[in-house]
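Have a look at the structure below, then the notes.
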Amino acid sequence: MPSQLLYRDDFYLAATEAVVTAIHDDGGIEFDRTCFYATSGGQPGDTGFVERADGSRIILGQARHGATKDIVLHVPLEGEAQPVVGEKVTLQIDWPRRFNLMRMHTACHLLSVICPYPVTGAAVGEEDARIDFDVTDPMDKDEVTARLMELVTADHPVYVQWITDEELAANPGIVKSKNVRPPVGLGRVSLVCIGENSSIDSQPCGGTHVARTSEVGAIHIAKIEKKGKENRRFRIRFGEPATDA
């Protein structure tokens, strides 16, 4: 039974009451609703815990999708207890971890504004991320960092607009990634917009993001690597760039 994916409408929702609807042979738990983001599009799934009525907790590893994108499986760590179907619980994500992923994912969108080239790969982490671009031109990491921080400190709004699957299919050019397609089949696709009236950027993305660019905080390009004839890998990290002694 599909879950109600609450994170799609509220990236800041850290907890929700839910009912167990299914338990799979591999231990994956389905709920009628969830605030957990499942691993997809280069962003890791949320971790956290299930709190039962007696106050005990079931610690969860990374959430993942089931057979379809509207099914989220919550996977207890080895040795954890199992709830029962029909049980009412509270789901709680590891908020500091999720917030860091939101910050870093938003930073990746900002980098794609500065580097307007096709994205050939990406992986978002809690402290760093990598994005691969189909580009041959050399780029200076300090210059890219400076431009990134200009966008961050400008405190642009970040928000979601919705289009239908059909509208996305009719406008394939709005997708920047060459290899990762936005999630379809749910009836609507989220456009992550940056700036008033999408003045900075707008692209389909099913991940989670902060509400304003200033929440990204200090960020820098740690390295730009050549990965093939027409591929450059940018490594983004939180914090100020290291300075030579």
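Brief remarks follow.
- Residue order for HIS24, HIS109, fewest other beta carbons within 10 angstrom first, comes to HIS24, HIS109.
- Summed side-chain charge close to PHE11 - residues other than PHE11 whose Cβ falls under 13 Å, Lys, Arg +1, Asp, Glu -1: 0
- If the chain linking ALA218 and SER198 were pulled fully straight, counting 0.36 nm for each residue of separation and taking away their Cα-Cα distance, it would gain 4.9 nm.
- For segment 97-238, the relative contact order comes to 33 percent (Cα pairs under 8 Å, sequence separation of at least 6).
- Positive dipole terminus of segment 97-238, leading residue within GLN203, PHE99, LEU191 (C-beta point charges): PHE99
- Gain on full extension, evaluated as 0.36 nm per residue between ASP9 and GLU127 minus their Cα-Cα distance, stands at 40.0 nm.
- Listed by chain and number, the lysines whose alpha-carbon sits under 25 Å from that of LYS141, ignoring those within fewer than 8 places in the same chain, are LYS176, LYS178, LYS223, LYS226, LYS227, LYS229.
- Dipole of the chain, positive end: most advanced residue of THR39, ILE114, ILE71 [Cβ charges, Cα centre]: ILE114
- Working value for segment 4-93: equivalent-ellipsoid semi-axes of 18, 14, 12 Å, each the square root of 5 times a Cα gyration tensor eigenvalue, largest first.
- Overall form of segment 96-180 per C-alpha gyration tensor (a/c, 1.5; a/b vs b/c): oblate
- Karplus 3J(HN,Hα) series, Hz, for segment 80-89 with 6.51 cos²θ - 1.76 cosθ + 1.60 (x for Gly, Pro): 6, 6, 10, x, 10, 4, x, 6, 8, 9
- Beta bridges by DSSP in segment 4-93, antiparallel share as percent, to the nearest 5: 90
- Once the Cα atoms are used to define both axes, helix 95-114 deviates from the longest principal axis of the chain by about 30 degrees.
- Cα gyration tensor shape of segment 97-238, rounded if a/c is under 1.5, else prolate or oblate by comparing a/b with b/c: oblate
- Rounded tilt (10° steps) of 141-153 against the dominant C-alpha axis of the chain: 60
- Oblate is the label for segment 186-245, because the ratio a/c of its alpha-carbon gyration tensor axes (a ≥ b ≥ c) is 1.5 or higher and a/b is not greater than b/c.
- Taking the number of Cβ atoms within 10 Å of each Cβ as an exposure proxy, the fewest-first ranking of ASP132, ASP140 is ASP140, ASP132.
- Rel. contact order, % - alpha carbon contacts under 8 angstrom, at least six apart, the chain: 19
Laboratory data are not the source of any read-out in this text; all were calculated from the coordinates shown. Predicted model only: the values in this text are computed from it and were never measured. Glycine gets a Cβ as well: all are built from the backbone with ideal geometry, and neighbour counts include every protein chain shown.
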